[in-house]
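Shown next, in structure tokens, is the structure this report addresses.
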Amino acid sequence: MIFSKPRNQALLLFLAAALATTLTYLSKDKQDLEKQVAREIAENTIVNFHQNFALSTKVLSAKSQAFCINPNETTLKATQAQWRLAMSDWQAVKIINFGPIKVNNLSWRLQFWPDKKNLVGRKIKSLLKSKDVIDHAKLEESSVVIQGLSALEYLLFDRTGAKLSHYQTNEGETRQCALLQTVASLTQQTAEHLSSSWQAKDEYLSVFVNTATITPETNMADIATGTPPLTQLIESILVNLETLKNDKLGAPLGLKSASGKTNAFLAEAWRSQHSLALASANLSSVRQLLVNGELLGLTDFLIADDHQALASRLLMQIDAIQTTLNTVDRPMAEAINHDESRAALSKAHTDLAALISTLKRDIPIAMNITLGFNDNDGD
Amino acid sequence: MPQTLKLSIALLSLIFAGTLQAQAPTSKQAVLEHYTDIAHAVFTDSHTQAEELKNSIVALLNKPTENTLNKARDAWKVARIPYQQSEVFRFSHVVVDDMEAQINAWPLDEGLIDYVNEDYEGELGNFGADANIIANPALDFGGTLIDTLKITPEILADLNELGGSEANVATGYHAIEFLLWGQDLNGTGAGAGERPATDYALGEQCTHGNCERRRNYLLAATELLIQNLSTLENEWAPDQAGNYREQFLASGEQAALTKVLFSMGSLALGELAGERMKVALEANSTEDEHDCFSDNTHYSHYYNALGIANIYSGHFQGTNGDWLRGPSLENLIKDISPTLAKSLTDAFELTQAKLQVMVHRADASGPFASKTTMKFDQMIAEGNSEGVQIIGDVIESLVAETQLIEAMAKALDINRLTPDQVRQH
């Protein structure tokens with residue numbers, strides 16, 4: 001059974017009954033339920049996502065330091081493995097594309113991708129060649145591309161840029177190690193800042209939960225009322241899934257271009273060969289956000305609003321895509337040119353389109369909400 | 001805002017709306033018809049200016065001097081003015097967007113077309129990035145030989161997006177821009193591309209080799225641009241059975257309005273504020289500058305945004321100075337909520353004002369007349385706080401404008417800002 005949250009079942013039944021009798025356009029009860037669901041999602045899943053990321057980047061920073069003290073195969077491998085963990089945790093944090101992460105464009109400071117022109121490689125090479133001091137202040141005023149996990153991937157995995165010898169020579173100790181450690185510690189600092197912004201209950205979390213819903217009485221010009229929390233969440237999940245479909249799977253598969261030619265460099269983590277695991281982590285984070293563990297989630301809100309079938313369909317669609325992704329047992333660079341794996345990835349791509357359609361068309365109708373423009377609406 | 005205040009404002013709006021409706025309410029159909037009139041006027045003007053561009057290119061080829069080259073460059077800049085205002089028609093109308101790949105594709109790996117500096121790097125994994133069509137009468141592309149002995153508009157159209165990479169742009173405004181200016185090797189410093197006119201000279205005067213092929217390329221690319229713009233002009237022309245305008249107007253008022261608004265918001269937010277400004281700014285990346293060879297980016301942005309405002313106001317001024325005016329979204333919204341209509345007008349004006357600052361600063365004109373020029377690629381340099389402020393202000397006003405476009409959609413009972421027929425990535 002998909003929904004087994006006994007602790008809340010009674011409440012849900014009560015609310016469902018209350019809604020059934022009094023439901024008008026965005027009734028008071030429904031707004032209260034929305035607030036409660038939003039609060040529980042924020043306090044549980046969203047806070048957890050951020051805590052996990054803060055912790056894994058902290059360990060990554062520590063491992064980078066240990067590696068630089070003693071640069072060898074073993075310490076490099078340990079640091080690479082920790083980068084993969086931090087990157088998985090980032091998949092979850094990245095979904096929450098509103099609130100603190102918007103301030104100072106932290107999302108791009110944590111990951112710059114897609115990077116078709118190899119700006120990451122180019123800018124890092126030129127910084128390493130220069131005589132500029134490498135410290136937090138320098139990075140913070142520099143291009144976002146030399147900050148965060150994308151820069152760390154280059155420094156830890158690039159075939160030419162991350163050679164162990166770069167870290168073992170004198171020159172490496174001074175510059176390449178300095179850059180690795182500085183980027184890692186700045187990443188940790190940013191992750192911690194994000195995490196604490198979501199935990200300080202009087203600040204953003206409360207703004208998020210209490211943003212007024214636009215009702216027929218709302219003055220249309222008064223757009224400062226903003227986006228109600230569950231609409232905000234659905235919009236953010238939608239943007240995230242569109243990126244997963246179009247960029248993470250579609251681009252390397254060649255589905256974005258007319259000729260259909262595959263291109264492994266367009267995968268999310270081509271340097272570390274970790275793209276598929278990240279796609280899977282991404283999808284499972286979306287699921288966690290919808291369900292919210294034992295607490296009330298978006299799916300529960302749909303059920304309370306008498307949309308049980310829609311809630312089930314949403315989760316079944318996600319699970320089917322996850323199963324398909326799990327059948328691919330080779331890295332993305334090989335999978336896109338391997339008949340069977342390619343077929344599986346194409347199927348995941350098609351099924352993601354259907355999932356997106358559920359979120360974009362069916363859910364807004366069911367919840368009587370309007371989705372706004374997002375950054376993917378454009379070229 | 002307290003609920004009571006909100007309610008009284010809403011009531012007041014209704015009363016105002018009531019008095020206005022006593023006059024002549026604007027019909028959605030009239031607004032949509034005028035919308036297609038603007039589309040037709042914009043593409044006609046783009047077509048006309050592309051013909052002018054061709055004339056100046058023919059003059060350049062007849063007598064390649066710095067003077068004729070500069071005249072061609074000026075004609076290119078003028079040709080961009082109506083075209084940039086046409087981009088607001090891209091994102092909902094497949095007929096426009098499909099053609100866009102040939103007309104305005106960007107960013108491009110210019111090494112596909114002609115000689116480039118040794119530091120040049122193309123898009124990752126793009127095998128066409130340094131194909132250099134001008135230097136090669138045949139291309140070996142992953143074992144497939146492509147005959148490029150004759151450079152014609154048809155051949156160039158086929159070479160566009162060669163090998164499936166969107167960076168392989170063989171045609172359109174930016175290919176022509178590259179052929180007129182050459183690479184901008186100044187990074188975030190002052191200066192644009194510095195291609196010499198002798199790149200088009202015949203015989204011994206020819207610089208950088210293959211001048212004959214370069215001449216053919218420039219002319220063929222311009223002819224293709226004219227053909228493509230003419231196609232779009234016809235798609236929007238009145239009284240032409242079976243063209244896109246007819247389909248669009250028959251598609252139902254709500255569906256058509258959804259397309260109108262979706263395309264406005266998509267250009268404002270995702271494309272202009274996002275792809276064309278924020279990426280370049282945050283990454284300090286001149287690779288992501290829109291008109292990177294000519295340094296005309298400030299004007300491209302200005303006219304993109306003006307194109308969006310045109311749709312709201314129902315006004316379009318052609319290159320010849322003539323105005324087209326008619327029933328507009330503004331009239332429609334005024335009938336529903338004068339407050340919202342005013343907010344929208346203010347938002348579009350604010351965006352143009354902020355872009356005017358960008359233009360003045362770029363050209364060192366107006367309030368910046370005493371300064372040296374600061375083009376868009378200099379504004380995005382690391383540590384340029386003045387540039388960050390100017391671009392940031394434009395982005396912010398575009399974001400606010402997009403939120404009001406969403407409010408406009410709600411006011412028009414559009415509940416889903418995703419038209420049924422948009423290009424799927």
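The values are calculated or read from the model by the stated rules, or taken from the named source; none is laboratory data. Source: prediction; values computed, not measured. Glycine also receives a Cβ, built like all others from the backbone with ideal geometry; neighbour counts cover every protein chain displayed. Just so you know, the surface numbers come from the protein's heavy atoms only, side chains and all, with ligands and any DNA or RNA stripped out. Shrake-Rupley method; radii C 1.70, N 1.55, O 1.52, S 1.80 Å.
Of note:
- Over chain B, accessible surface divided per residue gives 38 Å², non-protein components excluded, 1.4 Å probe.
- The helix-based estimate of mean residue ellipticity at 222 nm for chain B, built from -39,500 (n - 2.57) per DSSP H run of four or more residues and divided by its residue count, is -18000 deg cm²/dmol to the nearest 500.
- Gyration tensor verdict on the stretch A:121-160 (Cα atoms; rounded if a/c is under 1.5, prolate if a/b is larger than b/c, oblate otherwise): oblate
- Square roots of five times the Cα gyration tensor eigenvalues for the stretch A:51-201, Å: 25, 17, 13
- Helix B:94-103 and the longest principal axis of the Cα set of chain B meet at an angle near 30°.
- Among the listed pairs B:LYS28/B:LYS354; A:LYS94/A:LYS360; A:LYS117/A:LYS138, those beyond 25 Å (Cα-Cα): B:LYS28/B:LYS354
- Relative to the 2.2 N^0.38 Å rule of thumb, chain A has a C-alpha radius of gyration ratio of 1.06.
- Here the sum of -39500 (n - 2.57) over DSSP H runs of 4 or more residues, divided by the residues of chain A, equals -19500 deg cm²/dmol at 222 nm, to the nearest 500.
- Semi-axis lengths (Å, descending) of the ellipsoid that matches the C-alpha gyration tensor of the stretch B:194-329: 36, 23, 14
- Centroid-to-centroid separation of the stretch B:51-87 and the stretch B:100-114 [C-alpha atoms, Å]: 18 Å
- Residue mean of other protein chain beta carbons inside 10 Å, A:362-368: 1
- Partners of A:LYS163 within straight-line reach, counting lysines whose Cα lies under 20 Å from its Cα and excluding those fewer than 8 residues away in the same chain: A:LYS63, A:LYS77, A:LYS123, A:LYS125, A:LYS129.
- Inter-part distance where the stretch B:210-264 and the stretch A:279-345 are each reduced to a Cα centre, Å: 40 Å
- Diffusion coefficient, µm² s⁻¹, Stokes-Einstein with Kirkwood Rh over alpha-carbon pairs of chain B at 4 °C and 1.567 mPa s: 57 µm²/s
- Cα Rg over Rh - the protein assembly as shown, Kirkwood: 0.97
- Nearest-ten-degree value, helix B:66-86 long axis tilted from longest Cα axis of chain B: 30 degrees
- Carbon plus sulfur fraction of accessible area for chain A, probe 1.4 Å, in percent: 53 percent
- Considering the stretch B:324-388, its Cα convex hull presents a mean projected area of 6.5 nm².
- Span-like helix ranges in chain A, DSSP H, alpha carbon extent 18 angstrom or more, Kyte mean at least 1.0: A:275-291
- Accessible heavy-atom area order of B:GLU246, B:GLU271, highest first, probe of 1.4 Å: B:GLU246, B:GLU271
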